[in-house]
Structure formats: C-alpha cells, structure tokens
Amino acid sequence: MLNQQWLTTFIKLVEVGHFTHTAEQLFMTQPGVSQHIKKLEEQVGVALLYRVGKRFELTEAGIQLHQQALLWQQQQQQLLSQLAIDDVHVGECRVACSGSLALLLYPHLIDYQQPHKQLQISLEAAPNKRIIDNVLANQVELGIITQAVHIDELELTPLGQQALCVVMPKKYQDSAINIDQLMALGMVAHPDGMHYWQQIVNHYFNDKQAIASRCQLEAMLTN
C-alpha cells in the first residue's frame, strides 16, 4: 500500500509546480519534499518526474499515479463525509410505549413519516417490563414507560404527567367508594396492573389499607 504522506506531498507538488513553494505550503523543508518524492519513486519502482532546474515534468508513470491519487483522495473524502452524516430522516426508528399512548402517537408518527420516504417508524404497544427489556437488548431505540426505574444502563428523561383514571360501574358515580368495594370490583389482569393499583390506593387510602389490598391482590394473582 502506498505511503499516504508521500502521496499527499506528491499531489501538492504537482498542484503547485515548484519544490520550494510546495515545502512552504506543507510547512516542510525543500529537501524534505524531495525526500518524500524519492521514497515514493522507490516504493512504486519507477521515476515519477524529470527535474528541470527548480521545476519538473511528470513522466508517463507520474501522470498515471497523479490521476489515480486524485481519485483515491476524492473517494476518501466522500467516505469521510458519509460517515460524518447522520440523517435523522433516514433509516429505522423503533419506539415502544403503552397501548393508550400508542393510540395517541400513531397518527402523528404516520404524518411525520409520510414526507420522509426513507424513514421507517416501528411502534410497539407493550407493558413497562417488556419495554425496558427491549431497550436494554437494543431492540428499540426509544421506550416510553409509566414508572421510574433506576438502571445504570438506561437514561431516563421525564416527558410529563398524565392523570390516571379509574373506570368503574356507573352506579358508583355519585357515591364515595371504600377500599373493600374497590377490592370487590377487582381489576383487569394487566402486566402493569399492580403498579397502577398502587398509585390509586396510595393516593386515596391510608398506608395500612394500601398495604393490605396489595397483599390480598398478590395472593389472588399467585393462586
């Protein structure tokens, strides 16, 4: 493989057309430039230029190497430019969140994706544990969860707060409900159900009632 430093000196020499001026532009000495060209000629095994006083003319091999060197230089610059670009509108973006939030986000994500044809957005509705596991496994880039977790591998950013609603039979709409009635109604079996239940009972009932109801529900789920 050709020495890149010698090749860069050769390209600059052909561009400038003068050894001393090339040395000045490369912050080198004139003998240093001559040494680079000599070593490059030794590496390729042929003469690259004819010296005419302080100037020079390229040999046929020198012309060919210069043309190829310019092409290599251009290809390298293009590659570096591509590596430096991270287009936010190109590629796949995988998102996971709760089912209710997915219903809210879906139309907006479709609208965002339509003008960006090279962007593919994948949206998954999942419980908190699955979302966390998928983020840790790099199966999704963004996970939106409804409870705080403390895991060193994760970075959490609060997005906002949303009211937690309790859906009950209509007959309870005008009366206060106690913990026993709430327990008797039960709740929908959901992976995050216990977390939401705890939010409700901690807010509306005392600690003793909250602990007792949790223990009772856990026993029911175990059985």
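Computed from the coordinates by the stated procedures, all read-outs in this text should not be read as laboratory data. Since the structure is predicted, the reported quantities are computational estimates derived from the model, not experimental observations. Positions of Cβ are backbone-derived with ideal geometry, glycine not excepted, and every protein chain shown enters the neighbour counts.
Observations on the structure shown:
- Residue of His108, His195, His150 that the Gaussian network model of the chain assigns the largest fluctuation, springs spanning Cα pairs under 10 Å: His150
- Taking Leu119, Leu136, Leu40 as the candidate residues, the one with maximal mean-square fluctuation in a Gaussian network model of the chain, Cα springs under 10 Å, is Leu40.
- For the chain, size of Cβ-based charge dipole, Lys and Arg +1, Asp and Glu -1, in debye: 260 debye
- Shown is the FRET efficiency for Val149 and Gln74, computed with R0 = 41 Å from the Cβ-Cβ distance and rounded to the nearest 0.05: 0.25.
- Cβ-defined net charge surrounding His36, 13 Å radius [Lys, Arg +1; Asp, Glu -1]: +1
- Charge tally in the Cβ shell below 15 Å around Thr9, where Lys, Arg are +1 and Asp, Glu are -1, Thr9 excluded: -1
- Relative to its Kirkwood radius, the Cα radius of gyration of the chain gives an Rg/Rh of 1.41.
- Gain on full stretching of the segment that runs from Asp207 to Leu2 - 0.36 nm per residue minus C-alpha separation: 66.2 nm
- Reference-scaled alpha-carbon Rg (2.2 N^0.38 Å with N residues) for the range 163-203: 1.17
- Extended-chain gain in nm, criterion 0.36 nm per residue less alpha-carbon gap, Ala163 and Gln113: 15.1 nm
- Exposure rule at most 15 other beta-carbon atoms within 10 Å, DSSP loop trypsin sites (Lys or Arg not before Pro): the chain longest free segment: 118-223
- Taking the DSSP bridge list for the chain and keeping only pairs wholly inside it, about 30 percent are antiparallel.
- Tail weight of P(r) past 23 Å, computed on alpha-carbon pairs of the range 4-84, percent: 21 percent
- Each of Leu2, Ile110, Ser98 was placed along the dipole of the chain (beta-carbon charges, centred on the mean Cα), and the one lying farthest toward the positive end is Leu2.
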